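All remarks here apply to the structure that follows.
Every read-out reported here was derived from the displayed coordinates using simple, explicitly stated rules and does not represent laboratory data. Note that this is a predicted model, so its numbers are computed, not measured. Positions of Cβ are generated from backbone atoms using ideal geometry, with glycine treated the same way; all protein chains shown enter the neighbour counts.
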Amino acid sequence: MLKSLSVDTPKAFDVVTIIAGLGLALAPWYLGFTTETAAAWNAWIVGAAVTLIAVAALFAFHQVEEWANAALGLWAIVAPWALGFSALSVAVAAHVIAGLVVAAVAAARLWFTTGRPYSTA
């Protein structure tokens, strides 16, 4: 029953990912942490990469794009602690929220495109 996705649903996944990527890329400006080098550069790079990969997926879907976005989403979640800007709460929130959205959407897209869940009954 979960496999009954409409034709436009995969594009909706990509649009949500694009919005999350753009949100992360623009976060240093609208949340005001451009002076925090590690936080700002990570947001710009990861946000731009997520956005570009999601735009590419709009035109030609390959599972590697979703795996890449899943990895980038997970990196965005752990980056505040790995790069040492965990004390900056707005940057942490931007990274964790965007990372959760990107990773969850990528996982959902992979789940549905690989034909899961299978019914054993």
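So which of Leu31, Leu72 is out of contact with any Pro (no Cβ under 7 Å at 6 or more places or on another chain), touching a residue at least 40 places away in the same chain (Cβ under 8 Å) and of a type outside the set (D, E, K, R)?
On the way: Leu72 fails: touching a residue at least 40 places away in the same chain (Cβ under 8 Å).
Exactly one residue qualifies, and that residue is Leu31.
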- Residue pairs within 6 Å by beta carbon, gap of at least six or interchain, first lying in the range 35-55 and over 17 Å from Val101 (Cβ atoms), second of a type in the set (S, T, N, Q) and part of a loop (DSSP other than H, G, I, E, B), listed first then second, are Ala40/Thr34
